[in-house]
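Heads up, the thing below is written out as structure tokens.
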Amino acid sequence: MQQQQSRELSNMVGENKNIPELRFQGFSGAWEKRKLEDLGKIIRISIDPQATPGAKFNEYSMPAYDEGKKANIVLGKTMQSSRLKISGDVLLINKLNVRQRRIWLLRNISGNAVASSEFMPFVSNMLNLEFLEHMMLSDRTTLAMESISSGTSNSQKRITPSDFLSYVISVPADAHEQAKIGRMFTEIDNLIAVNQR
């Protein structure tokens with residue numbers, strides 16, 4: 001559903017001028033081409049949950065994503081490998097088999113929150129994460145991510161954090177325009193979900 005509505009986001013910008021054909025009123029000028037590493041970073045704070053076996057964690061994992069995008073509450077002793085500590089606003093992006101588009105926008109995360117190391121937790125003070133979420137769900141971006149993934153077969157290919165951060169996107173310089181675009185696509189997705197139910 002999000003994939004269907006977001007597929008055109010990265011097609012909005014003309015190839016030569018980098019100026020969108022359609023625009024919200026009040027915005028003008030060319031979008032910027034920027035590497036993701038210039039706009040934000042991937043969180044790499046690794047923790048060992050088994051060091052605190054009785055502690056409860058909100059775990060954002062691939063199974064939790066696939067089962068309705070709701071964190072699992074688990075004890076530290078049940079997690080057999082390290083996790084990434086997350087907080088605040090973060091966009092989780094799957095490394096394995098990017099065609100699956102497991103893109104998970106989390107808001108105001110606090111407490112004992114951890115993400116699976118199969119995700120790349122991206123944070124930014126310069127880029128609206130809702131805008132980036134829909135950019136990552138677009139067909140063009142997915143194809144580009146697949147082309148820079150490496151591995152033995154399609155289902156086992158991974159994108160590395162360094163390759164992800166080197167990826168160049170077209171982005172409005174104005175944060176308000178980013179927010180409006182991201183919000184528009186989210187509202188369309190929500191409307192489709194309500195109508196499907």
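The values are calculated or read from the model by the stated rules, or taken from the named source; none is laboratory data. Bear in mind that the values here come from a model prediction, so they are computed numbers and not experimental data. Because the Cβ atoms are built from the backbone with ideal geometry, glycine has one as well, and the counts that use them run over all protein chains shown.
Just a few scattered comments:
Per-residue answers, yes or no, for (1) surrounded by 17 or more Cβ atoms within 10 Å (Cβ to Cβ); (2) modelled with pLDDT of 95 or more:
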| residue | (1), (2) |
| --- | --- |
| Met79 | yes, no |
| Gly88 | no, yes |
| Trp104 | yes, yes |
| Ser117 | no, no |
| Met120 | yes, yes |
| Asn128 | yes, yes |
| Leu132 | yes, yes |
| Asp139 | no, no |
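- Extreme residue, modelled with the lowest pLDDT, among residues of the range 148-167 that are loosely packed, with under 13 Cβ neighbours inside 10 Å and of a type outside the set (Ser, Thr, Tyr): Asn154
- Condition check for Met145: in contact with a Leu (Cβ under 9 Å, 6 or more places away or on another chain), modelled with pLDDT of 90 or more, surrounded by 21 or more Cβ atoms within 10 Å (Cβ to Cβ) and not charged (D, E, K, R): no
- Complete set of residues in the range 78-102 that are assigned to a helix (DSSP H, G or I) and either under 14 Å from Pro49 (Cβ atoms) or of a type in the set (Gly, Ala, Ser) (or both): Thr78
- Selection count where residues are surrounded by fewer than 20 Cβ atoms within 10 Å (Cβ to Cβ) and in a loop (DSSP other than H, G, I, E, B), scope the range 61-77: 5
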